[in-house]
1. Excluding same-chain residues fewer than 8 positions from Lys578, which lysines have a Cα within less than 19 Å of its Cα?
2. Output wanted: per-residue J couplings in Hz (rounded whole) for segment 558-565, from phi through Karplus 6.51 cos²θ - 1.76 cosθ + 1.60, θ = phi - 60°, x for Gly and Pro.
3. Of the DSSP beta bridges with both residues in the chain, give the percent that are antiparallel, rounding to the nearest 5.
4. Which FRET efficiency value, to the nearest 0.05, do you get for Tyr734 and Arg346 by plugging their Cβ-Cβ distance into 1/(1 + (r/R0)^6) with R0 = 25 Å?
5. Kirkwood hydrodynamic radius (Cα pairs, Å) of segment 238-320?
6. Under the Karplus relation 6.51 cos²θ - 1.76 cosθ + 1.60, θ = phi - 60°, what is the ordered set of whole-Hz ³J(HN,Hα) values for segment 468-477, x standing for Gly and Pro?
7. What are the ³J(HN,Hα) values, in whole Hz, obtained from phi via the Karplus relation 6.51 cos²θ - 1.76 cosθ + 1.60 with θ = phi - 60°, for each residue of segment 284-298 in sequence order, with x given for Gly and Pro?
8. On a 0 to 90° scale, report how tilted helix 2-14 is relative to the longest principal axis of the chain, with both axes built from alpha carbons and the result rounded to the nearest 10.
Amino acid sequence: MKTYLLLFGTLILSISMAAQTFSGKVVDSANGQTIPDAVIYFPQLKLTATTDENGYFQITPIPFGTYEMEVEILGYATFTRQIIINGDVTCNCKMCSSSCCTDKEVVITALGNVTNTQRSPMPVKLVTHDMMLQETSSTVIDAIASQPGISETSEGAGTTKPQINGLGFDRVLTLMDGERQEDFQWGDDHGILIDPYAVYDAEIIRGPASLQYGASAEAGVISFKSQPFAESGTIQGSILTEYQTNNGYIGNSEDIGGNNKGFVWDLRASNEEAHSYRDSKDGYVWGSAWNQENARLTLGLNKSWGYTRLTVSALYRRIQVPDGNRDSTGRFIFDAPQNGRLYPVRADFLSYDADIASDKILEEYQTWWQNSINIGKGSIGVDVGFTQSVHHDIDSGTVGTGNMIVNDIPYSLKYQLADKNSGLKLTTGANGTYEFEYNQSETPYPYVSDYEIPNYTNFQIGGYAILEKDFKNLTLSGGLRYDMINFIGQGMYLINSGTPEQRQVPLGTTGAITQFLPFNNTYTGQSGSIGVSYQLPANNYVKLNFSKSYRAPAINELTSNGLNIGSNAVQLGNINLKAEQGYQVDLAYGNNGRDISFEADAFYNYIQNFIFADRTDSVSGGYPVYQFVSTNVAIITGVSGYFNIHPSDTKWIEIDNGGTYIYSYLPNQTDSSNHIPWIPAPHITTDIKLKLTERHHSILRGTYIKFGEAKYWAQNDIYSALYTELPSAAYTLYNAGIGSSFVNPKTGRVICSFYINCKNLTNIGYADHLNLAQYFHSVNGQIVTVTQQNQGVYNMGRNVGFKLIFPIGGHKTSEEESKPSGQ
């Protein structure tokens with residue numbers, strides 16, 4: 001850490017070069033009038049500017065290079081253009097009204113080669129900042145889970161993990177500003193450790209994206225990104241506060257950042273807390289409270305040679321996981337008497353203290369140093385980081401019985417070249433991570449430590465090359481990658497196992513049992529992709545992509561040997577598992593029309609050596625035992641898409657529809673075991689948004705009211721052997737929302753924005769098929785196998801969220817304000 005800070009400081013003090021300027025005007029293509037308040041954005045650089053009352057903008061300094069630029073403003077189609085910065089550059093942008101233009105392409109960066117959503121051969125979805133603001137959610141995964149092809153597994157309101165095309169956990173790679181989230185990605189008993197308020201938008205790659213990111217991206221990538229840096233010469237930020245009625249969720253976040261001649265900085269601090277949630281079937285659900293705190297600081301420097309950024313963050317989460325413990329009448333009961341009481345009372349349910357039931361302490365500390373240096377017509381990116389993930393399973397309120405610390409050092413070396421004249425884009429490099437995990441020492445008497453996985457190291461490295469060629473209407477893209485992954489695990493031997501006298505001893509100790517055998521496994525594999533997109537007449541387009549994916553077994557799949565407290569299951573690994581090899585084809589057809597836009601994406605995924613946890617007929621300590629196994633072949637296929645209606649002559653209404661259907665099949669299996677576990681139920685969503693027509697000098701901007709419906713069909717294609725999975729019932733959720741911004745009619749500046757959203761308007765009792773808490777059921781502390789969906793824990797009932805955002809700062813310095821318009 002000290003080394004990073006020293007190097008970063010040296011760059012700031014020693015490097016001073018002439019700064020180039022990017023400037024211009026934004027005008028209406030129909031009448032030539034200038035457009036104020038348009039946002040100019042360079043996604044690769046996170047640099048932004050807003051046009052003044054004369055339509056003028058300026059970004060100083062901006063590094064040399066070739067970049068994709070976006071210009072956006074409400075009522076106009078997004079303007080995109082590739083910009084070459086080789087000195088001072090002027091660009092005048094002509095914006096088309098959204099009623100007469102169909103260009104809805106959006107720049108994306110997650111595929112390596114910077115492209116846009118319409119030309120990308122792979123299905124890619126951008127979840128915009130406005131889309132995230134207009135949702136009521138507790139986690140970043142909640143905020144994106146309603147998108148086509150995306151789902152989430154959960155074990156309570158604050159414990160969510162993403163799924164893409166029916167696959168999740170270690171098969172989905174999650175990034176925050178390009179840094180891998182390795183916070184026990186393979187576990188289902190806690191969520192992704194990212195502050196939702198630190199996320200500005202997200203890019204989702206649906207399908208194997210192993211070329212740039214490696215073996216963990218077999219199902220796809222979710223790339224979260226923080227907000228753009230402040231405009232040049234400004235200090236700006238925001239204050240956000242939020243409340244949700246169902247579980248009393250209280251969220252607050254404060255952000256402040258600045259940009260002074262290329263030196264950029266941003267500081268955010270957030271805190272969240274919630275008491276037990278309730279639903280119409282369970283009432284208040286005991287053991288579902290949680291709280292979280294996060295601080296995040298970014299420092300950066302933009303110069304003619306490129307940029308450098310250093311981000312440090314610290315996140316603390318304490319979260320309960322409901323275990324469904326009840327008495328014989330179905331009333332929630334304490335796992336152990338508390339203050340002489342057997343049952344939680346209303347004060348317990350409404351308590352924000354997450355340490356009065358079985359819970360987890362989760363900590364995530366990150367340092368991420370990103371650099372881009374211009375070399376000729378291209379650039380070299382050098383990134384390195386350090387992440388420490390801390391996991392404590394608390395069973396007594398004070399003492400952790402499962403205590404693990406995982407340290408990761410991710411690294412990346414990348415060369416990128418984009419030639420505007422030839423339409424050729426090249427990305428090549430090497431990346432990976434070095435990971436080392438260790439279990440902390442034995443807990444004090446009378447507690448007994450639970451060792452789920454051994455101490456181990458994991459070294460991953462891969463090299464890749466991705467090439468893209470843009471023609472007039474045709475885009476070709478393809479690439480290759482080779483990965484090497486090495487696991488080295490330490491042996492562990494216990495005496496007096498499972499008793500308060502348990503302790504670790506050397507190999508050969510009389511009476512000792514083997515908790516973990518030492519091992520050294522190396523996996524190597526290739527991945528590749530080739531795809532094409534073609535822009536057809538009348539705003540139609542088609543995409544086709546073939547890909548080969550590769551995934552080595554995760555550490556829990558190889559070595560688990562103990563109780564996973566959060567999952568209420570004993571898990572056993574298999575050291576002989578082979579790597580998965582996947583072959584997928586994606587086909588998409590879409591249209592960006594004047595009045596409608598749609599896209600339908602179909603995929604077929606054929607996976608060899610597919611790994612999953614298979615329930616056995618054994619029980620250990622009252623808990624069911626699962627063994628990780630692999631099948632010769634698994635097949636996953638499906639279709640997802642959206643259909644958006646936005647009449648050009650009726651701008652006040654917009655109707656957005658989305659849907660997902662996924663089917664899985666395990667050949668040569670019995671009727672009870674011929675489907676992959678945890679495939680989401682088929683569903684469609686419909687949202688009708690009514691928008692208020694804005695008038696000149698109006699005090700309201702962006703006002704809308706919306707109504708939504710989410711229809712989920714029953715899921716009967718399940719892995720039902722030994723009640724591993726239960727069929728889920730159909731249900732329909734109704735949602736509603738309203739939002740607007742108050743502006744100063746004289747200056748046009750936003751005073752505050754507010755959003756009110758209601759989920760599950762009719763307060764129905766339901767259990768989503770991927771709600772793993774529905775399998776948590778105990779009677780007076782004795783685990784009971786759930787054989788009917790209504791035995792376990794249901795999802796949250798009606799929830800109304802209130803969100804207020806107050807922007808602060810944003811005024812130009814006196815030097816910037818003195819510049820004449822158009823200069």
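The values are calculated or read from the model by the stated rules, or taken from the named source; none is laboratory data. On a predicted model such as this, the values are computed, not experimentally measured, just so you know. When we count neighbours, we look across all protein chains shown, and the Cβ atoms used for this are built from the backbone with ideal geometry, even at glycine. For accessibility, only protein heavy atoms count, side chains too; no ligands or nucleic acids. Shrake-Rupley method; radii C 1.70, N 1.55, O 1.52, S 1.80 Å.
1. Filter leaves Lys548.
2. Once rounded to whole Hz, the list reads 7, 10, 3, 7, x, 7, 8, 4.
3. 95 percent
4. 0.30
5. Values: mean 1/r = 0.0659 Å⁻¹.
Roughly 15.2 Å, rounded to one decimal.
6. Each residue of segment 468-477 in turn: 10, 10, 9, 9, 4, 10, 10, 10, 10, 9 Hz.
7. With the stated coefficients, segment 284-298 comes to 6, 9, 5, x, 10, 7, 6, 8, 8, 9, 8, 10, 9, 10, 10 Hz.
8. 0 degrees
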